[in-house]
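Note sheet for the following structure.
Quick note: the coordinates plus some simple rules give every number you see, no bench work behind them. Computed from a prediction, not measured in an experiment: that's the story for all the values here. Glycine also receives a Cβ, built like all others from the backbone with ideal geometry; neighbour counts cover every protein chain displayed.
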Amino acid sequence: MKIISIINQKGGTGKTTTAFNISSYLAMKNFKTLVIDLDPQANLSFCFGLENVENTSYELLTKNICMPLKINEHLDIIPSSIRLSKVEYELVNAFSRETILKDIISNLNYDFIIIDCPPSLGILSFNSLVASNFILAPVQCEPLSVEGLDILISTLETIFQRMKKNISYLVVPTMIDIRNKISIDILNYLQNNYNTTNSYIRRNVKLSELAVVKKNIFSYASNSYGAKDYENVAKEVIELVSKK
Ligand SMILES: Nc1ncnc2c1ncn2[C@@H]1O[C@H](COP(=O)(O)OP(=O)(O)OP(=O)(O)O)[C@@H](O)[C@H]1O
Ligand SMILES: [Mg+2]
């Protein structure tokens, strides 16, 4: 079972858009896939049309209730709710609070589990990292994003050293404007200095409409740049993860 965290403590880098479309792509290719919304903002759940759901990642972490909802034949979800924002202080004294997610999901039976993390490096992201065997870090191709990336990578390295785990991370460049020189310079910088995918995600208005239409990019706009780019990234991730 391949468990992939989609993480970056910076806000708005394309984590949820990536989790939404990659999990949808995996299911389209008949991989048995579970996607977990681990962000109290619940943007991913909203993209799937799920609001006010009873059994969420909050119940998963605090009550050990693991009841994924079926989206389609190959795709399940554990949605989120605003209740998840209480987890940080509710679990302050919990025993092994960093391995709660891992202990529960390692007993599940999926080809892939994709976890959409919140834009912070607190207990939720920590649980996700500990549970994962692969990390995807969407990074927006703009100057300020690169600063935060070093913090993320050193945090990942510290956690993995502590866990004595050798986990690969992959940067996924997002929101590239190919007409903008700075955007392309940053893409090159990422690809030359970090473990970065060859494929990348361009800025595409169809991608920004997904939360409104509540469809993934492949069913909403199959001929768009967004669909092409997410297909390329998903294929690259499948290939890399399968080698592990
Ligand atoms: N390639 C893209 N082109 C255009 N718009 C995009 C693209 N990727 C994401 N967006 C839009 O940018 C915004 C932020 O994207 P998204 O929610 O995926 O980021 P995030 O990292 O999950 O944010 P947060 O840190 O708040 O969880 C959303 O409105 C989304 O629709
Ligand atoms: Mg998000």
Pairs needed: first member in the range 190-217, more than 18 Å from residue 235 (Cα to Cα) and β-branched (Val, Ile, Thr); second member anywhere, more than 9 Å from ligand 1 (Cβ to nearest atom) and not in a loop (DSSP other than H, G, I, E, B); C-beta distance under 8 Å; at least 6 residues apart or different chains. 213/220
Looking at the range 17-55 only, could you name the residues that are farther than 20 Å from residue 4 by Cβ, in contact with a helix residue (DSSP H, G or I) (Cβ under 8 Å, 6 or more places away or on another chain) and touching a residue at least 12 places away in the same chain (Cβ under 8 Å)? 40, 46, 53
Failed item, numbered, when residue 65 is tested on (1) of a type in the set (A, V, I, L, M, F, W, C); (2) within 16 Å of ligand 2 (Cβ to nearest atom); (3) surrounded by fewer than 24 Cβ atoms within 10 Å (Cβ to Cβ): (2)
Is there a residue being over 16 Å from the mean Cα position of the chain (by Cα) and farther than 24 Å from residue 100 by Cβ anywhere in the range 119-138? no
Exclusive hit being more than 12 Å from ligand 1 (Cβ to nearest atom), assigned to a helix (DSSP H, G or I), of a type outside the set (Asp, Glu) and free of Cβ contacts under 8 Å to residues at least 60 places away in the same chain, set 159, 151: 159
Exception for residue 13 within (1) within 16 Å of ligand 2 (Cβ to nearest atom); (2) among the hydroxyl-bearing types (Ser, Thr, Tyr); (3) under 30 Å from residue 142 (Cα atoms); (4) more than 12 Å from the chain's Cα centre (by Cα) falls at (4)
For the range 129-139, name all the residues that are crowded, with 22+ Cβ neighbours inside 10 Å and either aromatic (Phe, Trp, Tyr) or within 13 Å of ligand 1 (Cβ to nearest atom) (or both). 136, 137, 138, 139
